[in-house]
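This report refers to the structure that appears directly beneath it.
The values are calculated or read from the model by the stated rules, or taken from the named source; none is laboratory data. What you see is a predicted model; the values in this text were computed from it and never measured. A quick note on method: Cβ atoms are made from the backbone with ideal geometry, for glycine too, and the neighbour counts reach across all protein chains shown.
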Amino acid sequence: MTLPRQIDPDAVLFGAILRRERQARGWTLRKLAQRAGMNHQYLGVVEAGLNVPSLSLIMEVCEVLGADAGAMIREVAEARQKPKA
């Protein structure tokens, strides 16, 4: 797995949203990973914002969580529109 040279702010925000959604359900990383058929360490990297997730990963974890992928992506898009402090 290759980590990006620069931290991507969209990836960091998406990872935080994913963590929030997972924790809201009381799930561990291992539980989400097992249900999604993924590696829990990789999902930890995604949640930490250290890797830009693929569309297929986003769709899979949202489906497993029962989360609205569109709402999660909109949240990232809306954050991009806010003026930088």
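In segment 56-67, the residues that are free of Cβ contacts under 8 Å to residues at least 40 places away in the same chain reach residues that are crowded, with 17+ Cβ neighbours inside 10 Å with C-beta atoms within less than 6 angstrom, at least six apart or across chains, in these pairs: Glu60/Ala36; Val64/Ala36. Consider Leu18 carefully, then state whether it is surrounded by 12 or more Cβ atoms within 10 Å (Cβ to Cβ) and at pLDDT below 95. So Leu18 fails the test.
Just the residues that are surrounded by 15 or more Cβ atoms within 10 Å (Cβ to Cβ) and under 13 Å from Asp10 (Cβ atoms), please, taken from segment 58-74. Answer for segment 58-74, where residues must be surrounded by 15 or more Cβ atoms within 10 Å (Cβ to Cβ) and under 13 Å from Asp10 (Cβ atoms): Ile58, Met72, Ile73. Here is the figure for segment 13-51: residues that are more than 18 Å from Ala69 (Cβ to Cβ) and in contact with a Pro (Cβ under 9 Å, 6 or more places away or on another chain) total 1. Residues that are of a type outside the set (Gly, Ala, Ser), surrounded by fewer than 18 Cβ atoms within 10 Å (Cβ to Cβ) and within 12 Å of the chain's Cα centre (by Cα) do occur in segment 29-46, at least one of them.
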